[in-house]
1. From (1) small (Gly, Ala, Ser); (2) in contact with a strand residue (DSSP E or B) (Cβ under 8 Å, 6 or more places away or on another chain); (3) over 15 Å from Tyr101 (Cβ atoms), pick out the condition that doesn't hold for Ala7.
2. Somewhere in segment 70-85, is a residue more than 12 Å from Leu10 (Cβ to Cβ), in contact with an Asp or Glu (Cβ under 7 Å, 6 or more places away or on another chain), touching a residue at least 12 places away in the same chain (Cβ under 8 Å) and assigned to a strand (DSSP E or B)?
3. Looking at segment 1-52 only, could you name the residues that are part of a strand (DSSP E or B), out of contact with any Lys or Arg (no Cβ under 8 Å at 6 or more places or on another chain) and either without any contact (Cβ under 8 Å) to a residue 12 or more places away in the chain or surrounded by fewer than 13 Cβ atoms within 10 Å (Cβ to Cβ) (or both)?
4. Which ones in segment 16-66 are closer than 18 Å to Arg88 by Cβ, β-branched (Val, Ile, Thr) and at pLDDT below 95?
5. What tally of residues in segment 87-109 results from selecting those that are in contact with a Phe, Trp or Tyr (Cβ under 6 Å, 6 or more places away or on another chain) and surrounded by 17 or more Cβ atoms within 10 Å (Cβ to Cβ)?
Amino acid sequence: MGGFMKAYKLLKQRRDGSLGPLFINVKQKIPIGDWLESECHPTKGYAVRPGWHCTAKPKAPHLAKKPKSGQIRVWCEVEINDITPFQRPKSQGGLWYLAKYMRIIRIIG
């Protein structure tokens, strides 16, 4: 799987240490180090944009790092492949990527 690039993804970290998505397919466990193909899970209240949603920098000002719910969120360095750039407003972090494939490299904080 050549042609991958580095990006960042904000994930929730559960009490058992496992990682998972913030809003879509929230029960999924995302392991570190394994390539995962994206899936499409239409969810009421969210636009359908198939792919792993990743940022060019570990920054998404519109997403709280420490939400009132107490959920623990961590930034992860990821590698992505088969991407489509997606320009968001600066207030949402600017450049994002929709990726067909992603793997977590490490938790960065």
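The values are calculated or read from the model by the stated rules, or taken from the named source; none is laboratory data. Just so it is clear, the model here is predicted, and its values are computed rather than measured. Quick reminder, even Gly has a Cβ in these numbers, built from the backbone with ideal geometry, and neighbours come from all protein chains shown.
1. Every condition holds for Ala7 apart from (3).
2. As a first pass, look at segment 70-85 and keep what is more than 12 Å from Leu10 (Cβ to Cβ): 70, 79-85.
Keeping just the survivors that are in contact with an Asp or Glu (Cβ under 7 Å, 6 or more places away or on another chain) gives none.
Within segment 70-85, not a single residue is more than 12 Å from Leu10 (Cβ to Cβ), in contact with an Asp or Glu (Cβ under 7 Å, 6 or more places away or on another chain), touching a residue at least 12 places away in the same chain (Cβ under 8 Å) and assigned to a strand (DSSP E or B).
3. The answer is Lys6, and nothing else.
4. Ile24, Val48
5. The first filter runs over segment 87-109 and keeps only residues in contact with a Phe, Trp or Tyr (Cβ under 6 Å, 6 or more places away or on another chain), leaving 88, 96, 98-99, 101-103, 108-109.
Still in the running and surrounded by 17 or more Cβ atoms within 10 Å (Cβ to Cβ): 96, 98-99, 101-103.
The number of residues fulfilling the criteria is 6.
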